[in-house]
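S.K.: Sharing a structure with you now.
Where a number appears in this text, it was derived from the coordinates with a stated rule and is not lab data. Note that the structure is a prediction, hence the values are computed from the model and not measured. Note that we place each Cβ from the backbone using ideal geometry, even for glycine, and neighbour counts take in every protein chain shown.
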């Protein structure tokens, strides 16, 4: 089954329009929630039943997250959507914003109703101008139709949504860095605890979810938590958007059931380009350790299957690499990325990502030393678990994965001062 | 549990905000200020910097940043912090067209190296440089979140996907 949830309007002409969304049951869930006001606890239970887990990459159960905020707590509360999509390989939220922005709006309004918030912010990365304009257009449509703003659908419930545009910083995808950024500061992560549910935006209780998570909520409520759960597999309910890129014939986003064999997903993406051999796959965005091609062909696209191979499903960004690629070079580029994007707050990450890059860089240039592989392991181990946020781990994990599965390529580079696969 | 959490305090003589920018720019910034709680005008600093940069040929000067600090009731250094932290702000003059080429993994697997090489040769400048005639700035950027169309370049507010040197040429030929 494909395109059941976030992409359910994708086959329509100009699917981002309100009328198109409504033709597929859009805003039915909201009308039901607010019509004969539903018990917020029942909505949370439905989400828990659905098995929906955070689609930004962490995979935390969405229903459980929603239960952390006390609806009756007085004072301002906020809903924040994380559309700061920046994990290399990930491009799904961009398409939700471009092709089905109303699903996100409806999800955010329902979230506001459940936790008792009246304002929501959607943090869209600064480069996403087209998606931002599409989202703004949808907000206007929703306001004009009485679906957003004061007294929504005559229910007495007020909720409004504002876009906040980023300006180029991967770290702002980290939830507390994102909140700092909305407050007009550098995007440097906060210590947790306290968690955003208690002390979030402007120091107030805040529910922060990924775009895909929030956009999945309306259809889950419309068709039931069990319907969604049964589309997937154990511990990985529902459908998921997989962004497939790299050396494939038809890269793109595919909304399919959790647990689909990787083999089938690869087929949907047209298979490996030029009929080459599959060498390795980064299964969940560049922070997830690489999985060798042969092993990957035996795995299914769900949290447990990928974790069983020592990697992570993450954001569902699948980067496919064929056998013409040099893994030293791939790791060099990834190490450069984390070095470039480290916010500089924690010493192990600020300094360690530079060490990782410089050492892989010299190996790639044929200037590596025999002790460099141990050095890489050592530096990675000294970053992991020693930083405020997960960027440190994200920088360290791919190194360990590459050295575990493709060690001989690194050794060849060091010994022969050139590339094993002849990539250059 | 209680944490100190309030907007940053500006210690300076009050200024006449209406004298700071043109009415057009003020209106643009005010549209963003209105999204946030009244005491958190500083939340509009990112939008403010973007708007000022767009009106100033693509880069930010210190006087502009100081004026924005005054306009949003925040310390000047807090504006500098933001302007230097995020990659989309330029603190030096840039070319009329800023070519932002992604070279991250998915783009690299699809030939972004060839694009960079081609651009460096055609423009006679390296990554990070600006052409002598002030027309182009060539910039390497991190993942643009459009890997399905790799290799990708951002030019102004628009993305160009599935690029080849030939397509790049036709895009550049069409620019002033």
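S.K.: Just need the Rg to Rh number for the range A:277-373, please, alpha carbons only, Kirkwood Rh. Please report the intermediate quantities before stating the final value.
M.R.: Numbers: Rg = 14.8 Å, Rh = 14.6 Å.
Computed over Cα atoms, the ratio is 1.02.
S.K.: For peptide A:242-251, what's the mean number of Cβ atoms from other chains within 10 Å of each residue's Cβ?
M.R.: On the way: counts 0, 5, 3, 10, 8, 3, 3, 0, 1, 8.
Across the residues of A:242-251, the mean count of other-chain Cβ atoms within 10 Å is 4.
S.K.: Rg(Cα) of the range B:17-85 divided by 2.2 N^0.38 Å?
M.R.: Values: Rg = 10.8 Å, N = 69, 2.2 N^0.38 = 11.0 Å.
In units of the globular-protein estimate, the range B:17-85 measures up at 0.98.
S.K.: Just to confirm my numbers, what's the Cα centroid distance between the range A:147-165 and the range A:287-329 in Å?
M.R.: Cα centres, the range A:147-165 to the range A:287-329: 41 Å.
S.K.: Further question: Using the alpha carbons of the range B:97-175, what is the convex hull volume per residue in cubic angstrom, as a whole number? Intermediate values should be presented prior to the final figure.
M.R.: On the way: hull volume 6.1 nm³, N = 79.
Here the figure is 77 Å³ per residue.
S.K.: Could you work out [θ]222 nm for chain A from helices alone, using -39500 (n - 2.57) per DSSP H run of at least four and dividing by all its residues? Round to the nearest 500 deg cm²/dmol. The partial results should precede the final answer.
M.R.: Numbers: 18 runs with 184 residues, N = 424.
Mean residue ellipticity, 222 nm, calculated: -13000 deg cm²/dmol.
S.K.: With N set to the number of residues, divide the alpha-carbon radius of gyration of the range A:178-323 by 2.2 N^0.38 Å and report two decimals. Could you put the intermediate results ahead of the total?
M.R.: Details: Rg = 17.9 Å, N = 146, 2.2 N^0.38 = 14.6 Å.
Dividing the Cα radius of gyration by 2.2 N^0.38 Å gives 1.22.
S.K.: Hey, another quick one. Over the range B:4-143, what is the relative contact order in percent, taking alpha-carbon pairs closer than 8 angstrom and at least six residues apart? Spell out each step's value before the answer.
M.R.: Working: 166 pairs, mean separation 28.4, N = 140.
Reported as a whole number, the value is 20 percent.
S.K.: Given the DSSP H assignment, sum -39500 (n - 2.57) over each helix run of at least 4 residues in chain B and divide by its residue total; what's the result at 222 nm in deg cm²/dmol, nearest 500? Intermediate values should be presented prior to the final figure.
M.R.: Numbers: 7 runs with 68 residues, N = 176.
Roughly -11000 deg cm²/dmol at 222 nm, from the helical runs in chain B.
S.K.: Multiply the residue separation of residue A:268 and residue A:381 by 0.36 nm, subtract the distance between their alpha-carbon atoms, and state the gained length in nm to one decimal.
M.R.: 36.9 nm
S.K.: Could you compute how fast chain A diffuses translationally, taking Rh as the Kirkwood radius over C-alpha pairs and applying Stokes-Einstein at 25 °C with viscosity 0.890 mPa s? Give it in µm² per second. Please list the in-between numbers first.
M.R.: Numbers: Rh = 22.1 Å.
Value of D from the Cα-based Kirkwood radius: 111 µm²/s.
S.K.: For the pair residue A:324 and residue B:117, what calculated FRET efficiency results from E = 1/(1 + (r/R0)^6), where r is the Cβ-Cβ distance and R0 = 25 Å, to the nearest 0.05? The partial results should precede the final answer.
M.R.: Working: r = 18 Å, r/R0 = 0.72.
In this case the efficiency is close to 0.90.
S.K.: Enter the Cα centre distance for the pair the range A:186-226 and the range B:7-58, rounded to the nearest angstrom.
M.R.: That distance is 28 Å.
S.K.: Which order results if A:73, B:28, A:341 are arranged by neighbouring Cβ count within 10 Å, fewest first?
M.R.: On the way: A:73 13, B:28 18, A:341 23.
The order, fewest Cβ neighbours first, is A:73, B:28, A:341.
S.K.: When Cβ neighbours within 10 Å are restricted to other protein chains, what is their mean count per residue of peptide B:144-157?
M.R.: Values: counts 9, 19, 9, 14, 14, 4, 6, 0, 2, 0, 3, 0, 1, 7.
So the per-residue partner count for this stretch is 6.
S.K.: Would you mind telling me the antiparallel percentage of the DSSP bridges in the protein assembly as shown, rounded to 5? Write out the running numbers ahead of the final one.
M.R.: On the way: 25 of 53 bridges.
Percentage antiparallel, nearest 5: 45.
S.K.: Please order B:144, A:18 by the number of other Cβ within 10 Å, starting at the fewest.
M.R.: A:18, B:144
S.K.: Over the Cα atoms of chain B, Rg to Rh with Kirkwood Rh, two decimal places?
M.R.: On the way: Rg = 19.3 Å, Rh = 18.2 Å.
That ratio equals 1.06.
S.K.: How high is the relative contact order of chain A, in percent, with contacts defined as C-alpha pairs under 8 Å that are six or more residues apart?
M.R.: Working: 889 pairs, mean separation 68.9, N = 424.
Here the relative contact order equals 16 percent.
S.K.: Taking the Cα centroid of the range B:82-159 and of the range A:1-63, what is the distance between the two, rounded to the nearest whole Å?
M.R.: When both Cα centres are located, 37 Å separates them.
S.K.: Counting other C-beta atoms within 10 Å, which of A:104, B:175, B:127 has the fewest, and how do the rest follow?
M.R.: Numbers: A:104 29, B:175 12, B:127 15.
Fewest-to-most Cβ neighbours within 10 Å comes out as B:175, B:127, A:104.
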